[in-house]
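The structure appears right after this line, and notes come after that.
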Amino acid sequence: MQFNLFCWWGGLKQFPKDSEIISIRKYGSAFTQQYKIEFTSSKYEIEKWILLSKRLKNNNPQIKGKTKIYQVHPGENNSLGGEVIIDGNKVFISMSWI
């Protein structure tokens, strides 16, 4: 899987340099695709990543305790979009494309 394509769909900057990929899951068929990625990074690098990500920097997240939930709908380049969930130093991303 190409991370550049995934980031392109969500209007996201490439993952922080110190990020460690925990899991990557791909769902879909020839007509639809959904990717779910989980990674960890330092809190500083995550905040920098948010500020450099086109669709996150001016997006007001929903706050649940210490968790931030960013909705990205629609996505970029004809994608459906998805969400970015940040909980401490963990980031969960789910993006879909038709």
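Derivation of every value follows stated rules applied to the coordinates shown; laboratory data play no part. Model, not experiment: these values are computed from the prediction. Ideal geometry is used to build each Cβ from the backbone, glycine not excepted, and the neighbour counts take in all protein chains shown.
Per Stokes-Einstein, at 25 °C and 0.890 mPa s, what whole-number D in µm² s⁻¹ belongs to the chain, with the Kirkwood radius over Cα pairs as the hydrodynamic radius?
Diffusion coefficient, whole number: 184 µm²/s.
Work out the length of the dipole vector of the chain about its Cα centre, built from +1 on the beta-carbon of each Lys and Arg and -1 on the beta-carbon of each Asp and Glu, and round it to the nearest 20 debye.
Numbers: 14 positive and 8 negative charges, 29 e Å.
Roughly 140 debye, rounded to the nearest 20.
Per-residue counts of other Cβ atoms within 10 Å, averaged by peptide: what ranking do you get for 18-25, 83-90, highest first? The partial results should precede the final answer.
Working: 18-25: 12.5, 83-90: 16.5.
Result, highest mean first: 83-90, 18-25.
For the range 53-59, in order, what is each residue's ³J(HN,Hα) by Karplus, 6.51 cos²θ - 1.76 cosθ + 1.60 with θ = phi - 60°, in whole Hz (x at glycine and Pro)?
Result, rounded to whole Hz: 8, 3, 8, 10, 4, 10, 9.
List the residues whose amide H sits under 5 Å from the amide H of Glu76, counting only those 5 or more places along or on another chain, with H placed 1.01 Å from N in the peptide plane.
Gly10, Gly11
Out of Lys13, Lys64, Lys54, any idea which swings most in a Gaussian network model of the chain, alpha carbons joined below 10 Å?
Lys64
Over the range 3-60, what is the mean sequence separation of C-alpha contacts under 8 Å (at least six apart), divided by residue count, expressed as relative contact order in percent?
The value is 38 percent.
Under the rule of -39500 (n - 2.57) per DSSP H run of 4 or more residues, summed and divided by the residues of the chain, what mean residue ellipticity at 222 nm is obtained, to the nearest 500 deg cm²/dmol?
So the helix-based figure for the chain works out to -5000 deg cm²/dmol.
How much FRET efficiency would the formula 1/(1 + (r/R0)^6) give for Ala30 and Asn59, where r is the Cβ-Cβ distance and R0 is 41 Å, rounded to 0.05?
Details: r = 31 Å, r/R0 = 0.76.
Efficiency at R0 = 41 Å is approximately 0.85.
Apply the Karplus parameterisation 6.51 cos²θ - 1.76 cosθ + 1.60, with θ equal to phi minus 60°, to every residue of the range 85-96 and state each ³J(HN,Hα) to the nearest whole Hz, in sequence, with x for glycine and proline.
10, 10, 10, x, 9, 10, 10, 10, 10, 10, 10, 10
Which residue, Gly75, Gly28, Gly65, has the most motion in a Gaussian network model of the chain that connects Cα atoms within less than 10 Å?
Gly65
Could you tell me the relative contact order of the chain? Use alpha-carbon pairs under 8 Å, at least six residues apart, and round to a whole percent. List each step's numbers first, then the result.
Working: 199 pairs, mean separation 30.6, N = 98.
Taking the mean separation of contacting Cα pairs over the length of the chain, I get 31 percent.
Pop out the ³J(HN,Hα) list for the range 14-30 in order, Karplus 6.51 cos²θ - 1.76 cosθ + 1.60 with θ = phi - 60°, rounded to Hz; leave Gly and Pro as x.
Taking θ as phi minus 60°, the curve returns 4, 4, x, 4, 8, 6, 10, 6, 8, 8, 9, 10, 10, 10, x, 9, 5 Hz for the range 14-30.
Note down the nm distance, to one decimal, between modelled labels 7 Å out along Cα→Cβ at Ile98 and at Ile22.
3.1
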